[in-house]
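As structure tokens, the structure follows; a few thoughts come after it.
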Amino acid sequence: MRRPQIDLHRLLDDIRELVETESPSTDLDAVARSAEVVAHLGGAHLGVPPERIVVDGVTHLRWRFGPGPHVLLLAHHDTVWPHGTLERIPYAVTDGVLRGPGCFDMLAGLVMALHAVAALPAPDGVCLLVTGDEELGSPSSRALIEAEAREASAVLVLEASVGDGDLKTARKGTSMYEVEVVGRAAHAGLEPDKGVNATIELAHQVPAVAALADPSAGTTVTPTSASAGTTLNTVPGAARFTVDVRAWSAAEQERVDAGMRALEPALEGAKLVVHGGINRPPLEESMSARLFDRAVDVATRLGLPVPGQAAVGGASDGNFAAGVGTPTLDGLGAVGGGAHAEDEHVLVDRLADRTILLHGLLQDLLEEPVAGRPTDGSRDRP
């Protein structure tokens, strides 16, 4: 297997250009500007411009090489960081640590993908999809991701690694809900008995929702934000609270969803309206096992650090790819830490070996595609 030369200085220059192009997910103009920077960098590396796909005002980019089925690389160019963050946390490399908003999640991984594909003798059989709304839950890109994944033989996700470079072989599925409580307002001093207190109803519902969790299965059901009422002297006629659900299996997601739909009001005259539902299916280990084994084999053959594996609670676009039945391996991006936090960082001395691993895995999968779609969690290499 050929081990390519990776230009670390160019990698760093490209990461810097993306980090210094602020791309908060909620600012569509900023996301569009970021997409143009990615398109410019990608065109320089890959020799052709991408397709620009705008959905609901969000700009996504796609490079396809040769006929399918492709090995699909998934990345995103939006970040969680608001405008002005660069003034507090500028791009910098100090003592081998790269810092800057979005560097770890996941601009470094995106740049690694460009360099890895560019180093292939021929990229035929590769599709690189770079989306612009992953940090919002991919509302405009989900259908695009799923369509590309259905046509792919394998999906490699450039989200950041875990710890010292572990790959993400399982991710919890996510569900998001808002429970709306409808009561009846009344004067709190003159005739409180004529009201239906939405705050009290909310207080009944929060523990009922939390009880849907199953720690033994790793299922978390977490009531998060809440609001109720309008003024101090008014029986609240409305309240609402949000719920974050994480589960390792689709069956657990469906169980919790059924429980949410079955909620009943405790107070006479109160009503409940449940909004939301299952957002991302889980990335179950059976969907990543064979690809993980291939990655370990490639690392061994190339003399690279052999990655471990990790199961994580956070979700990514890899969940959507696995959800349509395509083998999916996540966490192939940078080594570092601090995603979504002030200390977000990337270890510079790991950028080259991770890019070489991605390149080698791409070569391996193009030469010997993954056969079929796993149904039983088998870890046998086809």
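The values are calculated or read from the model by the stated rules, or taken from the named source; none is laboratory data. All values reported here derive from a predicted model rather than from experimental measurement. Note that each Cβ is placed from the backbone with ideal geometry, even for glycine, and that neighbours are counted across all protein chains shown. Accessible surface areas use protein heavy atoms only, side chains included; no ligands, DNA or RNA. Shrake-Rupley method; radii C 1.70, N 1.55, O 1.52, S 1.80 Å.
Could you list, in sequence order, all residues of the stretch 278-290 that are closer than 27 Å to Ser140 by Cβ and open to solvent by less than 60 Å² (accessible area, probe 1.4 Å)? Those that are closer than 27 Å to Ser140 by Cβ and open to solvent by less than 60 Å² (accessible area, probe 1.4 Å): Asn279, Arg280, Pro281, Pro282, Leu283, Met287, Ser288. What about Glu159, is it buried (at least 18 other Cβ atoms within 10 Å of the Cβ) and charged (D, E, K, R)? When the stated conditions are applied, Glu159 passes them. Against the numbered list (1) within 12 Å of the chain's Cα centre (by Cα); (2) surrounded by 24 or more Cβ atoms within 10 Å (Cβ to Cβ), Ala108 comes up short only at (1).
Test of understanding: among Thr231, Thr219, Thr224, which residue is buried (at least 20 other Cβ atoms within 10 Å of the Cβ), out of contact with any Pro (no Cβ under 9 Å at 6 or more places or on another chain) and of a type in the set (Ser, Thr, Tyr)? Being buried (at least 20 other Cβ atoms within 10 Å of the Cβ), out of contact with any Pro (no Cβ under 9 Å at 6 or more places or on another chain) and of a type in the set (Ser, Thr, Tyr) holds for just one of Thr231, Thr219, Thr224, which is Thr219. Go through the stretch 302-315 residue by residue and tally those that are assigned to a loop (DSSP other than H, G, I, E, B) and in contact with a helix residue (DSSP H, G or I) (Cβ under 7 Å, 6 or more places away or on another chain). Of the residues in that region, 4 qualify. For Ala143, the criteria (1) of a type in the set (A, V, I, L, M); (2) surrounded by fewer than 19 Cβ atoms within 10 Å (Cβ to Cβ); (3) touching a Gly at 6+ places or on another chain (Cβ under 9 Å) hold in every case but one, which is (3). So for the stretch 8-24 (the condition being within 21 Å of the chain's Cα centre (by Cα), within 30 Å of Arg294 (Cβ to Cβ) and open to solvent by less than 80 Å² (accessible area, probe 1.4 Å)), does at least one residue qualify? Checked against the condition, which is being within 21 Å of the chain's Cα centre (by Cα), within 30 Å of Arg294 (Cβ to Cβ) and open to solvent by less than 80 Å² (accessible area, probe 1.4 Å), the stretch 8-24 yields at least one hit. Is there a residue being part of a loop (DSSP other than H, G, I, E, B) and either among the small types (Gly, Ala, Ser) or more than 16 Å from the chain's Cα centre (by Cα) (or both) anywhere in the stretch 351-366? For the stretch 351-366, residues part of a loop (DSSP other than H, G, I, E, B) and either among the small types (Gly, Ala, Ser) or more than 16 Å from the chain's Cα centre (by Cα) (or both): absent. May I ask you to verify whether His340 is under 30 Å from His115 (Cβ atoms), open to solvent by 50 Å² or more (accessible area, probe 1.4 Å) and in contact (Cβ under 8 Å) with a residue 24 or more places away in the chain? When the stated conditions are applied, His340 passes them.
Can you confirm whether the stretch 113-120 contains a residue that is surrounded by fewer than 21 Cβ atoms within 10 Å (Cβ to Cβ) and without any contact (Cβ under 8 Å) to a residue 12 or more places away in the chain? Looking for residues that are surrounded by fewer than 21 Cβ atoms within 10 Å (Cβ to Cβ) and without any contact (Cβ under 8 Å) to a residue 12 or more places away in the chain, one finds none in the stretch 113-120, hence no.
Per the conditions (1) aliphatic (A, V, I, L, M); (2) part of a strand (DSSP E or B); (3) under 25 Å from Gly313 (Cβ atoms), the sole criterion not satisfied by Ile145 is (2).
For the stretch 47-97, taking the residues that are assigned to a strand (DSSP E or B) and without any contact (Cβ under 8 Å) to a residue 24 or more places away in the chain, the one that is least open to solvent (accessible area, probe 1.4 Å) is identified as Ala92. For the stretch 245-272, a residue qualifies if it is surrounded by fewer than 17 Cβ atoms within 10 Å (Cβ to Cβ) and basic (Lys, Arg), and the qualifying residues are Arg255, Arg261, Lys271. Of all residues in the stretch 294-309, which are closer than 14 Å to Asp166 by Cβ, surrounded by fewer than 17 Cβ atoms within 10 Å (Cβ to Cβ) and small (Gly, Ala, Ser)? If the condition is that a residue be closer than 14 Å to Asp166 by Cβ, surrounded by fewer than 17 Cβ atoms within 10 Å (Cβ to Cβ) and small (Gly, Ala, Ser), then Gly308 is the only one that fits.
Scanning the stretch 69-94 for residues that are more than 20 Å from Ser34 (Cα to Cα) and in contact with a helix residue (DSSP H, G or I) (Cβ under 9 Å, 6 or more places away or on another chain) yields His70, Val71, Leu72, Val93. Evaluating His275 against the criteria (1) within 15 Å of the chain's Cα centre (by Cα); (2) open to solvent by 30 Å² or more (accessible area, probe 1.4 Å); (3) at negative phi leaves one unmet condition, (1). Number of residues in the stretch 290-324 that are more than 20 Å from Leu128 (Cβ to Cβ) and touching a strand residue (DSSP E or B) at 6+ places or on another chain (Cβ under 7 Å): the value is 10.
Quick check on Gly100: is it over 22 Å from Ala341 (Cβ atoms), open to solvent by less than 30 Å² (accessible area, probe 1.4 Å) and not hydrophobic (A, V, I, L, M, F, W, C)? So Gly100 does not fit the description; no. Cβ separations smaller than 6 Å between residues 6+ apart or across chains give no pair from the stretch 303-319 residues that are within 15 Å of Leu291 (Cβ to Cβ) to residues that are surrounded by fewer than 19 Cβ atoms within 10 Å (Cβ to Cβ) and at pLDDT below 95.
Restricting the first residue to the stretch 211-233 and requiring it to be of a type in the set (Ser, Thr, Tyr), which pairs with a second residue that is part of a helix (DSSP H, G or I) meet a Cβ separation below 6 Å and a spacing of at least six or different chains? Once the first residue is of a type in the set (Ser, Thr, Tyr) and sits in the stretch 211-233, its partners that are part of a helix (DSSP H, G or I) give Thr219/Glu252.
Please tell me if Ala170 is open to solvent by less than 20 Å² (accessible area, probe 1.4 Å), touching a residue at least 40 places away in the same chain (Cβ under 8 Å) and not in a strand (DSSP E or B). Taking the combined requirement at face value, the residue does not satisfy it.
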